[in-house]
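Following: one structure in structure tokens, then a few remarks.
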Amino acid sequence: MSTKVIYFLVGDRPEQAEFRSDFPADDVKDCFRAAAEAGPHDILKLYNIKGNIVNISQKLDENTPDTPYKLEVVASHGTGTLAEQLGFDIQDVENRLEVLEKKIIVDSGETPGVVYELKHKVEHFKEKLESVEHLSWLGLFKEVVAESQSRLPFFRRRLRKSEEEQRRVLEKFNKIKHVQLTDDVREYLRKPVFDNWQWEDAEMMLLMQQMYIDLDFTTKYNIEMPILQNFLFEVFRHYNHVPFHNFKHCFCVSQMMYGMTWLADLCSLMGDIEVLIMITSAICHDLDHPGYNNAYQVNARTELALRYNDISPLENHHCSVAFQILEKPHCNIFKNIGHERFKKVREGMIRCILATDMAKHSEILNKFKSVVPEFDYSNKDHISLLMQICIKVADISNEARPMDVSDPWIDCLLTEFFNQSDVEKLEGLPVAPFMDREKVTKPSSQTGFIRFVLLPLFESIGLLLPKLDEHIIEPVRKALNYYSEMAKAMEEEKRKKTENDKTRQANGEMPKINSTNGSTTPAIKQNGDAAISNATDKKVVRTNLSMSKVGGSSNVRGNPK
Ligand SMILES: [Zn+2]
């Protein structure tokens, strides 16, 4: 019986597996599972060099080190009951500490350092418990999993940043946090053409710090620099390792919000505190995103959907995490603004972050459109609507950026979508067509999204803030034109191929294919040319958006890129 050697990558790490071709498939799977250090309930995905998923079995085609397969762990089913298994409740310890802290604050007026230290230790220990599958050699993990049959997937632990990474980024940030940025960089930071891909995590934190300084918030709202730095680091810590909704996305949305602030002079038009709310909301708006959208949360009945009763589970969670961070005195950038102002900031941030749920898109946009003709900057309701629109624009603004900046984001988004739809297929859950690697095509999806969602939103804000037109609305029109041209070209290519095939079939040069449904959609490569949706965010309702509510805007102007 022959022996096979299979070369594959786990992340960037090359591995190779050797097994006989008569090995049971389960043994082969276990071998790959061990290489990925995956738990027994994790889902493994193996991609061939073309980016297609292949079955992990003894029948795998042999390859060479130059054509490795790629192995990914896409999800883990957690236990949630580990603490119970260990005989005590960590949550209880946390609660008791919190009560103790409050009591001490009441008695002495401030929290002593020893309580912070205790809290930190509890948090640290809790994280260790939550990632205990890495200690599976102790046998603990397997035992607990076997007893826990919860079908609710739980992704957070695996997505979280490792302590090593946190330490590394914090070290770097500590080294550079006092660096004075040049005028050129500060100027560039105000432009929508800013290229996020050039900056590391610690540098992005420094840039965000500069936003608060240059808007004069640190002075006006007495934000102490160490507290701002702690806040930004905590924010960084709470963005997950997911392909799209990560810390880079947080930075991009914040930077676009910041750019719009300068371009349209929003501080003068709307007020400083409103801009403070919008920038901070942008920074916090996707905190702890698990990489699976609201539709998944609801369909899979996840912990978040249960907690928030299916009502914007993700956005409620992002917002809750934001205020949990701000609740820590050493991270509370609003601690010197006074009670009334804090109330206003909290209300505003909740409204802004919840507005990023695309399920609310039409409702918010229609309300905004109805007030634009008589917009009154002294009307609180009008300002509140404009704030929601601004953060929505910033959130889906990738297409307003230069192509070399926006294009990689499309791959990131697709990877996240495809991960989700793969898991949905495995779990027997509904799959949205725009997330399905078998159905999505780049240009048609981009065209539809830009034409029916993005452009109406951007043009409506352009009516009120015409200064944005040249910088962020015109580029979107050009992107639409570009993708429309691409869609036409692909359509033409498909037509030619069909005709050619028919001719060859008629001439007996190729076999006839019995098509049952008339579908000619090809399988799509993960990073291939035909695979794209769009660079939006929160796609829950993309398929629900009524196409008829928007008039056709087929006369798109601008040159193809
Ligand atoms: Zn977002």
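Read-outs: derived from the displayed coordinates by stated rules, not from any lab. Bear in mind the structure is a predicted one, so any value in this text is a computation, not a measurement. Please note: Cβ atoms are built from the backbone with ideal geometry, for glycine as well, and neighbour counts cover all protein chains shown.
Annotations for the structure displayed:
- Which of Met403, Asn336, Met349, positive extreme of dipole for the range 330-453 (C-beta unit charges): Asn336
- Segment Lys344-Thr3, extension gain: residue separation times 0.36 nm, minus the distance between their alpha carbons: 115.9 nm
- From the alpha carbon centroid of the range 443-461 to that of the range 316-360 is 29 Å.
- Charge dipole magnitude, Cβ of K and R +1, D and E -1 - the range 189-335, Cα centre, debye nearest 20: 160
- Whole-number D in µm² s⁻¹ for the range 1-74, Kirkwood Cα-pair radius fed into Stokes-Einstein, 25 °C, 0.890 mPa s: 201
- The range 419-478 - charge dipole about Cα centre, Lys and Arg +1 at Cβ, Asp and Glu -1, debye rounded to 20: 200
- In terms of Cα atoms, the Rg and Dmax of the range 183-254 work out to 12.5, 36 Å.
- Two-decimal ratio, the range 386-429, of alpha-carbon radius of gyration to 2.2 N^0.38 Å: 1.56
- Rounded, prolate or oblate (a/c below 1.5 giving rounded, otherwise prolate when a/b exceeds b/c) for the range 387-508 by Cα gyration tensor: oblate
- Projected-area mean, the range 168-287, by convex hull of Cα positions, square nanometres: 7.1
- Normalised alpha carbon radius of gyration of the range 434-492 [divisor 2.2 N^0.38 Å]: 1.28
- Restraint check, Lys161/Lys367; Lys161/Lys360; Lys344/Lys369; Lys335/Lys367; Lys343/Lys467; Lys442/Lys497, Cα-Cα greater than 29 Å: Lys161/Lys367; Lys161/Lys360; Lys335/Lys367; Lys343/Lys467
- Farthest towards the positive end of the charge dipole of the range 219-366, among the residues Val242, Ala305, Phe231, is the Cα of Phe231, using unit charges on the Cβ of Lys, Arg, Asp and Glu.
- Cross-link pairs Lys45/Lys172; Lys50/Lys392; Lys4/Lys45; Lys328/Lys380; Lys70/Lys425 - those with Cα-Cα distance over 27 Å: Lys45/Lys172; Lys50/Lys392; Lys328/Lys380
- Using C-alpha pairs under 8 Å with a sequence gap of at least 6, the mean separation divided by the residue count of the range 241-322 gives a relative contact order of 31 percent.
- For the range 335-437, alpha-carbon Rg and Dmax in angstrom: 18.4, 53
- Sparse-neighbourhood loop sites, GluC sites (Glu not before Pro) in the range 1-76 - DSSP loop, at most 14 other Cβ within 10 angstrom: Glu37, Glu62
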